[in-house]
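Remarks on the structure that follows.
The values are calculated or read from the model by the stated rules, or taken from the named source; none is laboratory data. Worth saying up front: this structure is predicted, and the values here are computed from it rather than measured. For neighbour counting, all protein chains shown are included, and Cβ atoms are generated from backbone atoms with ideal geometry for every residue, glycine included. Surface accessibility is based on the protein's heavy atoms, side chains included, excluding ligands, DNA and RNA. Shrake-Rupley method; radii C 1.70, N 1.55, O 1.52, S 1.80 Å.
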Amino acid sequence: MKTALVTGANKGIGREVARQLAGRGFHVLVGARNRDAGRKAAAEIAKEGGKVTFLEIDIADNGSVTAAAHEFAKIADQLDVLVNNAGIIVDGDDAILKISDELFRKTIETNTLGALRVTRAFAPLLAKSKAPRVINVSSGGGQLTGGADGWSPAYCISKTALNGVTSHLAAALPKFAINSVCPGWVRTDMGGRNATRSVEEGADTIVWLASDAPQELTGKFLRDRKEIPW
Ligand SMILES: NC(=O)c1ccc[n+]([C@@H]2O[C@H](COP(=O)([O-])OP(=O)(O)OC[C@H]3O[C@@H](n4cnc5c(N)ncnc54)[C@H](OP(=O)(O)O)[C@@H]3O)[C@@H](O)[C@H]2O)c1
């Protein structure tokens, strides 16, 4: 049985990815910083069938991430798929010159460094897999091609930097498949109710990369199962 860890899996896209991977026979670790929300989501997903375990993990906190990796090693011998999904958007439509250093740091701490530190902590467990995969949930907002259009600069820049993390990790870990994904604009707490995509649609490319995509596909940025420019 393959194992998958999804961060921020108590709601939104992460929860849907966890649900679909459990349905595909993965032992899914539902990563969440909030114990109650994480346990509840794991129990609900398990009711639909499949092996699902809650794992407490706050990706913005080094101690929590290290503790989660230790806890994981008690639950399973190896990790096959890591979905770095957890993310925040704390800036609104303020122009880049109006955003404080503090807000930038907070955003990058979670969206960029969070994914890197979770990958670092779980790399030894991933290395035990025959075909380790890491999926970084990024955003079209982080795309540099075509230029920026000004919305939520801290969030968008954190995702541009996350794409840099993806590219560097792919170069450093050639046995791994490591990619960034833009899920599209998805109806979640973050995306809002006017978003154009369902969580099922938003999860599709992530689940594909976690399961059916070729292992040789690495170091890319994808949307709708196709490569897109950085
Ligand atoms: N929705 C969209 O339109 C859209 C578009 C492009 C990219 N994305 C990306 O897709 C991913 C999922 O977004 P979503 O729309 O599903 O958002 P969401 O519904 O707001 O869910 C975000 C998840 O991340 C978790 N999280 C935030 N900070 C965390 C931390 N420090 N440690 C652990 N978990 C943390 C949240 O936990 P709590 O419940 O505890 O806050 C929640 O589970 C994000 O990376 C986002 O940037 C979304």
| query | Residues of the range 174-200 being charged (D, E, K, R) and not in a loop (DSSP other than H, G, I, E, B), which ones? | reply | 197, 200
| note | If we ask which residues in the range 174-190 are surrounded by 18 or more Cβ atoms within 10 Å (Cβ to Cβ) and closer than 11 Å to residue 87 by Cβ, their number turns out to be 2
| query | Limited to the range 41-76, what total is found for residues that are more than 10 Å from the ligand (Cβ to nearest atom), open to solvent by less than 50 Å² (accessible area, probe 1.4 Å) and either of a type in the set (Ser, Thr, Tyr) or farther than 22 Å from residue 19 by Cβ (or both)? | reply | 3
| query | Can you pull out the residues in the range 1-19 that are more than 22 Å from residue 193 (Cβ to Cβ) and either away from the ligand (no atom under 13 Å from the Cβ) or open to solvent by 10 Å² or more (accessible area, probe 1.4 Å) (or both)? | reply | 1, 2, 3, 4
| query | Within the range 191-228, how many residues are hydrophobic (A, V, I, L, M, F, W, C), free of Cβ contacts under 8 Å to residues at least 60 places away in the same chain and open to solvent by 30 Å² or more (accessible area, probe 1.4 Å)? | reply | 2
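Among the listed residues 205, 166, which satisfies the condition of being part of a helix (DSSP H, G or I), in contact with a strand residue (DSSP E or B) (Cβ under 9 Å, 6 or more places away or on another chain) and either more than 16 Å from residue 82 (Cβ to Cβ) or away from the ligand (no atom under 12 Å from the Cβ) (or both)? Quick ask: steps written out before the conclusion?
Working: 205 fails: either more than 16 Å from residue 82 (Cβ to Cβ) or away from the ligand (no atom under 12 Å from the Cβ) (or both).
The match here is 166.
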